[in-house]
Amino acid sequence: MTFDEEINRVGTHSVKWDEMEKLYGVSPKDGIAMWVADMDFRPPACVQKALEEVIAHGIYGYFGDDGDYLAAIQWWMKNRHGWDVEAASIFTTHGLVNGTGLCVQAFSAPGDGVVLMTPVYHAFARVIKAAGRSVVECQMPVVAGRHVMDFDAWDAQMTGTERMLILCSPHNPGGQVWSVEELRGVAAFAKRHDLIVVSDEIHHDLVFPGAKHTVMPLAAPEIADRLVMMTATTKTFNIAGSHIGNVIIPDPVLRAKFAAVVNGLGISPNSFGLFMATAAYSPEGAEWLDALMLYLDENRRVFDEGVNAIPGLKSMPLEATYLAWVDFSGTGMRREEFTDRVQGAAKIAANTGPSFGKGGEDCLRFNIATPRARIVEAVARLKAAFSDLQ
Ligand SMILES: Cc1ncc(COP(=O)(O)O)c(C=O)c1O
């Protein structure tokens, strides 16, 4: 198992590499793709083997009997997160953006407010707005280099029209692993304002040594009647193209509402995603993941050390995720200028901060899940692009 291999993804319908020129003006010929959240690594061999068996059989009919799949999810949640999941509470969606959209439909009505703790994963706002709900941005201040929750300010912001809160746990961008106390703060806030909590935990397996993630159902059992937990194999094992995710709903009333939306849309999962996810949530998958996190830990160290040595740049210390959040405000430059230096001079495609909502204005997000040599090269390019500051 090596993560050092540089695999050419150009011309393979990779959004990350094949659309970066169109979106960021960075050519894949000499540019480095550090934006969308997938990794430049192969998934664990057990996932590849599962697909090869399906392909060798050569029959692609409807999938039946999801017992193995549900058992794999239960095994993973118990072994990695200490959480007993009831099989009946698991819904399979076409990924978690899809899961978010279904939750918005099931638990809110047009015109209702949906609370986001910003800056946060951009697709949440896109889905909320497309469904005719309004995005309520509760901004997180940065204290001691970390995003923090500001419940007093958020209490004052609520108008009574909010119905739902989407929690990103661990947080993207910035990589915070929320403490149990912080999660209980979210639960209390949701109770005060009568909000359904959708806890998107897609990054909860990508936690660095030293940090400890707690799944929301264990952190705050007192909100079981207003909680939806979502997670997936796709980020963890780099199989995002399989578009499969778990929406786990402990409460039977919420479950029935969600089921009504899913059934009304005639949604059923894709068999390839089911085969891949079942193979991934396994002891082999776990071993691969542990090795991955050690590799990413060193990428994180190399990236942060290099970036933080450039005057005016500050990389938020990641406790989880491979998505480094870099604040350029210390350069005193306007957004256009620092962005142009990163994209134009350094030829690096990184996500622009404002797409994550309030609080993202001075930042860019860099995906560090790529072979180490590219991280070293990216740091060198950034140093050169900002060399006049040194
Ligand atoms: C917090 C969060 N949720 C969901 C997704 C995407 O989920 P999916 O590919 O399952 O739709 C991402 C991708 O970066 C993410 O960061």
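Summary table
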item	result
Computed log₁₀ I(q)/I(0) - Debye formula, equal Cα scatterers, no solvent, the stretch 313-352, q 0.22, 0.30, 0.31, 0.33 Å⁻¹	-0.76, -1.10, -1.12, -1.17
Where the Cα pairs of the stretch 95-162 fall when distances are cut into 5 Å bins, in %	4, 17, 25, 21, 18, 11, 4, 1
Extreme residue, positive dipole direction of the chain, given options Gly264, Gly31, Tyr69 (C-beta unit charges)	Gly31
Flagged links, alpha-carbon separation over 24 Å, of Lys29/Lys129; Lys314/Lys358; Lys235/Lys383; Lys29/Lys49	Lys29/Lys129; Lys235/Lys383; Lys29/Lys49
Simple spin-label estimate for Leu389 and Thr159 in nanometres, 7 Å along Cα-Cβ	3.8 nm
Over the chain: helical MRE at 222 nm, DSSP H runs n ≥ 4 each giving -39500 (n - 2.57), nearest 500	-12000 deg cm²/dmol
Surface per residue (accessible, 1.4 Å probe) for the chain, Å²	41 Å²
The chain, dipole about Cα centre (Lys/Arg Cβ +1, Asp/Glu Cβ -1), debye to the nearest 20	620 debye
Once the Cα gyration tensor of the stretch 295-364 is diagonalised, semi-axes √(5λ) in Å	19, 14, 12
Selected from Met276, Met316, Ile249, residue furthest toward positive end of dipole (the chain; charges at beta carbon)	Met316
Cα Rg, Dmax (largest Cα-Cα span) when computed across the stretch 47-89, Å	13.6, 38
Under the Karplus curve 6.51 cos²θ - 1.76 cosθ + 1.60, θ = phi - 60°, whole-Hz ³J(HN,Hα) for the stretch 182-195, x wherever Gly or Pro sits	5, 5, 5, x, 5, 4, 5, 4, 5, 5, 4, 10, 6, 10
Environment charge at Met77 (Cβ cut-off 14 Å; Lys +1, Arg +1, Asp -1, Glu -1)	-2
Rounded Å value of the spacing that divides the Cα centres of the stretch 55-89 and the stretch 268-320	22 Å
Three-way shape call for the chain based on the alpha-carbon gyration tensor, with the a/c threshold at 1.5	oblate
Translational diffusion coefficient (Stokes-Einstein; Kirkwood radius from C-alpha pairs) of the stretch 1-62 at 20 °C, 1.002 mPa s, in µm²/s	154 µm²/s
Residues whose placed amide H lies under 5 Å from that of Ala232, excluding near-sequence neighbours	Asn246
Estimated dipole of the stretch 1-46 in Debye, rounded to 20 [Cβ of Lys and Arg +1, of Asp and Glu -1, Cα centre]	120 debye
Portion, in percent, of the accessible area of the chain that falls on carbon or sulfur, probe 1.4 Å	53 percent
Space enclosed by the convex hull of the alpha-carbon atoms of the stretch 89-129, per residue, Å³	85 Å³
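The values are calculated or read from the model by the stated rules, or taken from the named source; none is laboratory data. Every value quoted in this text rests on a predicted model; they were computed, and no experiment measured them. Cβ coordinates were reconstructed from backbone atoms using ideal geometry, including for glycine residues, and neighbour counts include every protein chain displayed. To get the accessible areas, we keep the full protein, side chains included, count just its heavy atoms, and leave off ligands, DNA and RNA. Shrake-Rupley method; radii C 1.70, N 1.55, O 1.52, S 1.80 Å.
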